[in-house]
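First comes the structure, then the notes that go with it.
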Amino acid sequence: MKRESKTRYALLGILSQCEMNGYEIRKYVETTISFFWNESFGQIYPTLKTLEEEGLIREFEKKDSNGKSKKVYKITKPGLIEFKNWMESSEIQQNKRNEVLFKVFFGRHMDRSELIKQLESQVDRNQKDLLQLDLLRKELEVDWDNHPDHRYWKLTLDYAEKLAHLNLEWLSKVRKEVKTTKQD
């Protein structure tokens, strides 16, 4: 069974927040929701074109803070309706792929030092994620405290922080176990 692409709904959701161009959408994903969602340029631009053709968003020119014109996308009323309908009717599907768990599960087929190296890389990644999440939390508290979505943003941030801490705890346990396990 082919899984439905959620890119269109991600873009509608992002554009329900504010008007943006494709590059700004990508930056938004990288700096705001990357701890739970990812979209590539290869997914963003064709989907924006499709959404515009369907009348769910529209492109228009807007002047930036320097007075320079740029093209941005804005969600339309039908786009908001489509997004709301999907949010309320679509069953949540979780991505079950986790390469870290996969490599640990089949760890005996790897050189122990290589597995440890890859686990340590994941520790570094989770530590960097926590630093980024801390910056995001500070920005949320200072700049977005009165936004109507603040409560929901904070809940997803809480989850990401707890997950990163859990990952660090688990990775520490696995590294110790792998280091002390007799190599086959």
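Just a few scattered comments:
- Condition check for GLN17: at negative phi, under 18 Å from the mean Cα position of the chain (by Cα), in contact (Cβ under 8 Å) with a residue 24 or more places away in the chain and surrounded by 15 or more Cβ atoms within 10 Å (Cβ to Cβ): no
- Screening GLU91, GLU52, GLU39 for residues that are acidic (Asp, Glu) and farther than 30 Å from GLU161 by Cα leaves exactly one candidate, GLU52.
- GLU177, sole failed condition from (1) under 23 Å from ILE25 (Cβ atoms); (2) open to solvent by 90 Å² or more (accessible area, probe 1.4 Å): (1)
- Qualifying residue in the stretch 80-91 (condition: basic (Lys, Arg), under 21 Å from the mean Cα position of the chain (by Cα) and farther than 17 Å from PHE36 by Cβ): yes
- Lone unmet requirement of (1) farther than 27 Å from ASP129 by Cβ; (2) in contact (Cβ under 8 Å) with a residue 24 or more places away in the chain; (3) among the β-branched types (Val, Ile, Thr) for THR76: (2)
- Residues of the stretch 74-119 that are open to solvent by 70 Å² or more (accessible area, probe 1.4 Å), closer than 24 Å to SER172 by Cβ and in a helix (DSSP H, G or I): GLU99, LEU101, PHE102, PHE105, ARG108, HIS109, SER113, LYS117.
- Matching residues, the stretch 146-169, being buried (at least 16 other Cβ atoms within 10 Å of the Cβ) and either aromatic (Phe, Trp, Tyr) or more than 20 Å from LYS128 (Cα to Cα) (or both): TRP153
- Only one of GLU39, GLU24, GLU30 that is surrounded by 15 or more Cβ atoms within 10 Å (Cβ to Cβ), at pLDDT below 90 and within 29 Å of LEU140 (Cβ to Cβ): GLU39
The values are calculated or read from the model by the stated rules, or taken from the named source; none is laboratory data. Please read these numbers as outputs of a predicted model, since none were measured by experiment. In this analysis, Cβ positions are derived from the backbone assuming ideal geometry, glycine residues included, and neighbour counts consider all displayed protein chains. With ligands, DNA and RNA removed, areas are computed over all heavy atoms of the protein, side chains included. Shrake-Rupley method; radii C 1.70, N 1.55, O 1.52, S 1.80 Å.
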